[in-house]
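See structure below.
The values are calculated or read from the model by the stated rules, or taken from the named source; none is laboratory data. In this text, all values refer to a predicted model and were calculated from it rather than measured experimentally. Note that we place each Cβ from the backbone using ideal geometry, even for glycine, and neighbour counts take in every protein chain shown. These accessible areas exclude ligands, DNA and RNA; they are computed on the full protein's heavy atoms, side chains included. Shrake-Rupley method; radii C 1.70, N 1.55, O 1.52, S 1.80 Å.
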Amino acid sequence: MTRTSLAERQARLEQQRARLQREEAKVREAERKARTRRLIEAGGLVDKAGLGETEANVLYGALLEVAGKLGDAAQRARWEAEGGHAFDREARARDAEREPLILTLAGAQPALATARLRGLGFRWSKVLQHWEGLAVYDEARVAAEELGGTLRRVAPAASGVAE
């Protein structure tokens, strides 16, 4: 049976301690990033609700009042429904001008071009070897011209009839 010296055991313990410290640091960093993300999202919602320019005392007071009402299940359900409807209206308005398009380009494109196409609403089809997606026609046409590609509509343009 091999005996380990006290120095060897202490070295192993130091290695374990260092490994645990690294793991704890990773956990703290992940928690910090998650908190930062939540704060950014909350700030975005405050701005989206049109309260971005509200005085800090007024906004904080209003939020305290809302926080006091979170226990009321009926009120919370009303807020949830109203928020969901608002998000749906915004999504419909954002997508109203978009239509299904196919963009064909010759050869591989640089990273900046592919990022731009993704930002317009396109994705690369590996099977069909073209870019496809929901995009605003005029914006996609400009990109197609600049990249030397061809753009075509998948379906006729919307007739303007409301759903």
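Ordering ALA113, LEU64, ALA49 by Cα displacement along the dipole of the stretch 1-139 toward the positive end leaves ALA113 in first place; charges were set at the Cβ atoms of Lys, Arg (+1) and Asp, Glu (-1). Need one number: the % of Cα-Cα pairs in the stretch 53-96 sitting beyond the 13 Å mark. Result: 66 percent of Cα pairs exceed 13 Å. Derived from the Cα gyration tensor, the three semi-axes of the equivalent ellipsoid of the stretch 44-130 are 43, 17, 11 Å, largest first. Loop-located GluC sites (Glu not before Pro) in the stretch 69-112 (DSSP state not H, G, I, E or B) with no more than 16 neighbouring Cβ atoms inside 10 Å: GLU97. Of interest is the spacing of the C-alpha centroids, which for the stretch 28-67 and the stretch 76-147 amounts to 29 Å.
Which FRET efficiency, nearest 0.05, do GLN129 and VAL154 yield, Cβ-Cβ r, R0 22 Å? Taking R0 as 22 Å, the efficiency between GLN129 and VAL154 is 0.85. On C-alpha positions alone, give me the angle between the axis of helix 56-69 and the longest principal axis of the chain, in degrees, nearest 10. The helix 56-69 is inclined about 80 degrees to the chain. Apolar share of the accessible surface for the chain: 55 percent from carbon plus sulfur atoms, 1.4 Å probe. As a size descriptor, the averaged projected area of the C-alpha convex hull of the stretch 1-145 was calculated at 20.3 nm².
Run through the stretch 1-91 and list the trypsin sites (Lys or Arg not before Pro) located in a DSSP loop whose Cβ has at most 16 other Cβ atoms within 10 Å. It would help to have the intermediate numbers written out before the result.
Details: sites: ARG3, ARG9, ARG12, ARG17, ARG19, ARG22, LYS26, ARG28, ARG32, LYS33, ARG35, ARG37, ARG38, LYS48, LYS69, ARG76, ARG78, ARG89; in loops: ARG3.
Answer in residue order: ARG3.
Taking each DSSP H run with n ≥ 4 as -39500 (n - 2.57) and averaging over every residue of the chain yields -21500 deg cm²/dmol at 222 nm. Based on the convex hull around the alpha carbon atoms, the stretch 3-86 presents an average projected area of 10.0 nm².
Over the stretch 59-163, what is the relative contact order in whole percent, taking alpha-carbon pairs under 8 Å and six or more residues apart? Value for the stretch 59-163: 29 percent.
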